[in-house]
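**Q** This is the structure I want to talk about, given as structure tokens.
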Amino acid sequence: MSETARRTPVGTPRRAGAPPVPSHLSADTLTRARQVIALYPEPRSALIPLCHLAQEQDGWLTPAAMTDIAGLVGVTPTEVLGTASFYDMLHTEPVGTHVVSLCTNIACLLNGAAELLEHAESSLEVNAGGTTVDGTITLEEAECLADCDRAPCVQVNHRFVGAQTPESFDRLIADLRSGARSQDIPDHGTLIRVHRSTGLEADPARLASERAAMAEAQAQRAAAAEAAKSAAEGAGGTS
Ligand code: FES
């Protein structure tokens, strides 16, 4: 790493010049995005919540949305893609309105997950990883979803729907397609933390004071470490 890059303060936008004006995210999404950014000491820390907001709008992270997010948090679109593509919950390609995740890890495997997945692929006429022709369901095979006591575990848009049998799975799919589960399973699965419309604003004065306290604590730790180092060197020289 060059000396210049090493000295670049944390949080310095990597994009040179003025950030581009967002052109894809809706006014409502932008308002929420700015509320979320205000919660963090550094705008780039809001990158993942903003990805969830964009996913709520479009169902997946479109290149245009990633460009807007990059401008909002001061990174490049490639960095947004690099981060988003690491996480299963963020979709960098189009998906169905409902992403149905079947866990096939050990506890679920021992409770019929392989058979359930085979049934799902057959009844939906799509392989795991694919989307049904009508665009309503994307079926995916998942690693442990941390709901092992209700195996075989199924999630729809990140909501747990409990253990499923082939019969209950078919009823679940019918309910999703008819909209009967739209209250408890929103389209595209936005997380409630970023979906809420109140309680997101941070008090600027409180943020400033917390940042100042953080900086002072850092300076004190650095001074203490330096003093300890000097003392150790002094002790070594006199022994
Ligand atoms: S093994 Fe399936 S949820 Fe843990």
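**Q** Near residue 88, within a Cβ-to-Cβ distance under 13 Å, what is the net charge of the other residues, with Lys and Arg +1 and Asp and Glu -1?
**A** Working: positive: none; negative: 93, 140, 141, 143.
Once positives and negatives cancel, what remains is -4.
**Q** Mean 1/r over all different Cα pairs, inverted: what Kirkwood radius does segment 33-170 give, in Å? Spell out each step's value before the answer.
**A** Values: mean 1/r = 0.0620 Å⁻¹.
When all Cα pairs of segment 33-170 are included, the Kirkwood radius is 16.1 Å.
**Q** Per residue of segment 114-119, what does 6.51 cos²θ - 1.76 cosθ + 1.60 with θ = phi - 60° give for ³J(HN,Hα)? Whole Hz please, x for Gly and Pro, Karplus curve as stated.
**A** 5, 5, 5, 5, 4, 5
**Q** Here's another thing I want to ask about it. Per q in 0.20, 0.24, 0.27 1/Å, what log10 I(q)/I(0) does a Debye calculation on the alpha-carbon atoms of segment 98-178 return?
**A** Debye intensities relative to I(0), on a log10 scale: -0.78, -1.15, -1.47.
Since every read-out is calculated from the coordinates, none of them should be taken as a lab result. The shown structure was predicted, so the numbers you read here are calculated from the model rather than taken from an experiment. Glycine gets a Cβ as well: all are built from the backbone with ideal geometry, and neighbour counts include every protein chain shown.
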